[in-house]
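Student: Handing you a structure now.
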Amino acid sequence: MSNVTYETGDTAWVLTSTGLVYLMTPALACFYGGLVENKNFLNQLFLSIVCMAIIPVQWCLIGYSFTFGPGTAIFGSFEYAAQRPESFISLSSDRNVQTIPPSAFMAFQCACAIITPALISGAVVGRMKLIPYMIFIVLWTTCCYDPLARWIFSRQGWLHQIGVIDFAGGLMIHVSSGVSGLVAALILRSRVHFDPDVVNAGQTNLPFTVVGTGLLWVGWMGFNGGSALVANGIAALAIVNTNVAAASSMIIWIVLDIIHRKLNRQTSAFISIPGLCSATVVGLVVITPAAGYIQPGYAIVTGFIGGFLIHSFLSSKKRFFHIDDTLDVFSCHGLGGIIGILLAGLFSQTDVNQKVNNGALYGNIRQLGYQVIGLLVAIGFSAACTTAILLTMHLTIGIRINRIDQVRGLDNVSHGVIDIELAGRSQRNKLPIARRRTPERMISTLTTLEMTQTA
């Protein structure tokens, strides 16, 4: 270990932020779990939580070295693999981390790496096999996330060198996971009972989503504020911008919900709880790339723009976007990240943060061009990696749950959990249910009777 003396305040803030970012993964599990049908509730929690088991090991063994180790503009090296002593002595390839120990930096970046593949799980609800999912998490993090993080967050990264700005991970976290979620949904195809006009076909647990939203908001302050890597005014600015962007997105979403109901001539203008929770996440996503680079007034505008555009997209997508991206991962994170990256190139200001160039609004139109280049690279690379990984697995070991098991639910199929109430009700009513000849009813009856016999 190095004998260098580090700033205790900066170190304490980064370690605190690390804990807040770690909190975001179980918060995401609650957020996603509350939106899915009861038969897939526990499985959806698992898909997020299992990333906390897989990614830290991957990050310690190779991920950190590939991303921040000495190397080229494209790839790191194996020099820091398995956290060799050299990785705790120098951060020569990293930016802005001279005041904190390398281990603190490594832990914070690991927390960010954990939540990224967990975001993808919202696009494959109820139809992906468990073991292939876990293999995919390892391969995707190694082949997609690590290179993108290298290109953007390392001083040696080529996107960083040409001038792409991204304060806290809009490209490598939100755009990459949103695009990958869309590709995964296309390859896995729709669920058995998928209907684009129906939000959810079964009972859900919305209180979990509300709690998850609140915890995500709290964790996001560490996510964006901690990305400053120092305890100073930029960290404080990032937290302020994070809060006001989320709040403004919620406000515009509420207004649009009311207007939408009125235009549809509905007597009561109600506000959707899942929609309001999604609005919060959208505001947090769109501000992430610009959190430490813009004034709070622009953060409010950013939240308004993101909330308006994504609400409009979600309101109209059922007419033309019939892809079973179950929990709108692409809409909220992919599109949200794209909007945030572009607005960062528009509103960024050297007077706010001396480490960033002025944006297009302040005469530097070239910055917007750099942002577009970053987006094209992130979108293309994420789509290519996800397609290559999933198609290879699909053709070799198989990745999709069969039709009957989808109807039964992954809580039972993947985790052995039996809904006793459902099984008992099916047993009591088995004759009337059996007389119903629709394929869906027949599958449901056979499945629940089988569960009853097993119990």
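Student: For the chain, calculate the relative contact order in percent as a whole number, restricting contacts to Cα pairs under 8 Å that are 6 or more residues apart. It would help to have the intermediate numbers written out before the result.
Tutor: Working: 848 pairs, mean separation 95.8, N = 455.
Result for the chain is 21 percent.
Student: Can you list residues whose amide H is under 5 Å from Met128's amide H, if they're 5+ apart or on another chain and H is modeled 1.01 Å from N?
Tutor: Long-range HN contacts for Met128: Ile401.
Student: Could you run the Karplus curve 6.51 cos²θ - 1.76 cosθ + 1.60 with θ = phi - 60° over segment 402-412 and give me ³J(HN,Hα) per residue in whole Hz, x for Gly and Pro?
Tutor: Going residue by residue, I get 6, 4, 5, 5, 5, 5, 5, x, 6, 4, 7 Hz, with x marking Gly and Pro.
Student: At 222 nm, what helix-only mean residue ellipticity would the chain give, in deg cm²/dmol to the nearest 500, using -39500 (n - 2.57) for each DSSP H run of four or more?
Tutor: -20000 deg cm²/dmol, from helical runs alone.
Student: For the chain, state the average projected area of the convex hull of the C-alpha atoms over all orientations, rounded to one decimal in nm². Walk me through the intermediate numbers first.
Tutor: On the way: hull surface 92.3 nm².
Taking a quarter of the hull surface, the average projection is 23.1 nm².
Student: Which helices pass in the chain if a helix is a full DSSP H run, must span at least 27 angstrom along its long axis by Cα, and must have mean Kyte-Doolittle hydropathy not below 1.0?
Tutor: Details: long enough: 8-33 (38 Å, 0.85); 102-120 (29 Å, 1.61); 206-225 (28 Å, 1.06); 233-263 (44 Å, 1.37); 296-320 (36 Å, 0.61); 365-396 (47 Å, 1.34).
For the chain, where a helix must reach 27 Å along its axis and average at least 1.0, the hits are 102-120, 206-225, 233-263, 365-396.
Student: Also: Extending each Cα 7 Å along its Cβ direction at Ser316 and Arg400, get the distance between those two points in nm, one decimal.
Tutor: Rounded to a tenth, the inter-label distance reads 3.0 nm.
Student: What residues of segment 351-388 lie in the reach of a label at Thr72, counting those whose backbone N is under 15 Å from a point 7 Å from the Cα along Cα→Cβ?
Tutor: No residue passes the distance filter.
Student: Next question, about the same structure. By how many nm would the segment from Lys262 to Ala53 lengthen if fully extended, with 0.36 nm per residue of separation less the alpha-carbon distance?
Tutor: So the chain would gain 70.5 nm between Lys262 and Ala53.
Student: Using the heavy atoms of the protein chains alone and a 1.4 angstrom probe, what is the accessible area of segment 353-397 per residue in square angstrom?
Tutor: So segment 353-397 comes to 54 Å² accessible per residue, rounded to a whole number.
Student: Turning to a different aspect of this structure: With only alpha-carbon atoms counted, please give the Rg and Dmax of segment 149-195, in Å.
Tutor: 15.5, 48
Student: State the percentage of accessible surface on the chain attributable to carbon and sulfur atoms; use a 1.4 Å probe and exclude ligands, DNA and RNA. Write down the numbers at each step before the final one.
Tutor: Details: 11920 of 18270 Å².
Carbon plus sulfur share of accessible area: 65 percent.
Student: Each residue of segment 35-40 in turn: what ³J(HN,Hα) in whole Hz from Karplus with 6.51, -1.76, 1.60 and θ = phi - 60°, glycine and Pro shown as x?
Tutor: Result, ordered by residue: 9, 9, 5, 4, 5, 10 Hz.
Student: Counting only C-alpha contacts under 8 Å and six or more residues apart, can you give the relative contact order of segment 229-382 as a whole percent?
Tutor: Rounded, it is 24 percent for segment 229-382.
Student: Then there's this: Order the peptides 35-41, 316-322, 101-107, 245-251 from the highest to the lowest mean number of other Cβ atoms within 10 Å of their residues. List each step's numbers first, then the result.
Tutor: Details: 35-41: 22.6, 316-322: 11.6, 101-107: 20.4, 245-251: 24.6.
Per-residue mean Cβ counts within 10 Å order the peptides as 245-251, 35-41, 101-107, 316-322.
The values are calculated or read from the model by the stated rules, or taken from the named source; none is laboratory data. Since this is a predicted model, take the numbers as computed values, not measurements. Cβ sites come from the backbone with ideal geometry, for glycine too, and all protein chains shown count toward neighbours. Surface accessibility is based on the protein's heavy atoms, side chains included, excluding ligands, DNA and RNA. Shrake-Rupley method; radii C 1.70, N 1.55, O 1.52, S 1.80 Å.
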